[in-house]
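The values are calculated or read from the model by the stated rules, or taken from the named source; none is laboratory data. Predicted model only: the values in this text are computed from it and were never measured. All Cβ positions, even for glycine, are placed from backbone atoms using ideal geometry, and neighbour counts span all protein chains on display.
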Amino acid sequence: MRDSIQIRPAQPGDAEVAAVLLYSAYTHTQVTSPLREEHESGFIGRLQHFFRRDGNRFSYQNILVAEQSSEVVGVVLSFGGQDEARLNAAVGSWLEREAQDDEWYIDALAVLKNWSHKGIGTCLLQTAEQQARQHHYPKIALHVAQGNTQALDLYAHLHYVVTQQTVLYQRPYVRMVKTLENWEQGNDGTERTPRRSP
């Protein structure tokens, strides 16, 4: 099954299904696409709006999609921690700071309900880890809603370690971090230091 999954950068045209998947990640609900009417919300419309635009937290530029038979079935949204303040500012002041400057941050990971348990989430995470290495980040981090044992188990299996319990948007979360091997090496094998903003 995993062999037939293609991971690619998102495009503005993916907005409809990608917004549903982001909604799923942020509301901790498993969804299918198209959404049943009771799930429809203005939040999805706002996610679509920002997804299509450049230079913000929810932009297609920060998203990879998993495709199966030309159908988007999963997404991962991630970015460099040192870019978070700029990406958040483009959306609005309601966003909280979640990442640290020296880490690549997984903001959202979601797979359509009918495609879960097929290794798609793991493929998306591993591709995000490759991005982190390419951008010379020594670690990758994420937050998991407390009580989401399925996600906690997945991340623990992939060597993410719980570093603290925290509260985001008035909900309890567990922060998990994974140290990346070979992060300091460029594609040519030369030693590099982590990239810093000017």
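Test residue 67 against the criterion of being among the charged types (D, E, K, R) and in a strand (DSSP E or B), and give yes or no.
yes
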For the list (1) surrounded by 20 or more Cβ atoms within 10 Å (Cβ to Cβ); (2) at pLDDT below 95; (3) over 27 Å from residue 152 (Cα atoms), I need the number of the one condition that residue 46 fails. (1)
Restricting the first residue to the stretch 154-169 and requiring it to be touching a residue at least 60 places away in the same chain (Cβ under 8 Å) and surrounded by 13 or more Cβ atoms within 10 Å (Cβ to Cβ), which pairs with a second residue that is charged (D, E, K, R) and outside any helix (DSSP H, G or I) meet a Cβ separation below 8 Å and a spacing of at least six or different chains? 168/96; 168/98
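Here is a yes/no grid of residues against (1) farther than 19 Å from residue 20 by Cβ; (2) modelled with pLDDT under 95; (3) of a type in the set (Gly, Ala, Ser):
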| position | (1), (2), (3) |
| --- | --- |
| 37 | no, yes, no |
| 52 | no, no, no |
| 90 | yes, no, yes |
| 95 | yes, yes, no |
| 103 | yes, no, no |
| 107 | no, no, no |
| 116 | no, yes, yes |
| 128 | yes, no, yes |
| 146 | yes, yes, no |
For the stretch 135-164, which residues satisfy the criterion of being closer than 12 Å to residue 181 by Cα and either outside any loop (DSSP other than H, G, I, E, B) or of a type in the set (Asp, Glu) (or both)? 139, 140
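Looking only at the stretch 109-116, decide whether some residue is without any contact (Cβ under 8 Å) to a residue 40 or more places away in the chain and polar (S, T, N, Q). Even if it seems obvious, please write down each step before you answer.
The first filter runs over the stretch 109-116 and keeps only residues without any contact (Cβ under 8 Å) to a residue 40 or more places away in the chain, leaving none.
Scanning the stretch 109-116 turns up no residue that is without any contact (Cβ under 8 Å) to a residue 40 or more places away in the chain and polar (S, T, N, Q).
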With the checklist (1) closer than 24 Å to residue 179 by Cα; (2) without any contact (Cβ under 8 Å) to a residue 24 or more places away in the chain; (3) in a loop (DSSP other than H, G, I, E, B); (4) of a type outside the set (Phe, Trp, Tyr) in hand, flag the one item residue 85 doesn't pass. (3)
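Please indicate, with yes or no, whether at least one residue in the stretch 173-188 is outside any loop (DSSP other than H, G, I, E, B) and more than 16 Å from the chain's Cα centre (by Cα). Please lay out each step first, then the result.
Step one: filter the stretch 173-188 for residues outside any loop (DSSP other than H, G, I, E, B), giving 173-179, 185.
So of that shortlist, the ones also more than 16 Å from the chain's Cα centre (by Cα) come out as 179, 185.
Yes: one or more hits.
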So, in the stretch 20-35, exactly how many residues are modelled with pLDDT under 75 and hydroxyl-bearing (Ser, Thr, Tyr)? 2
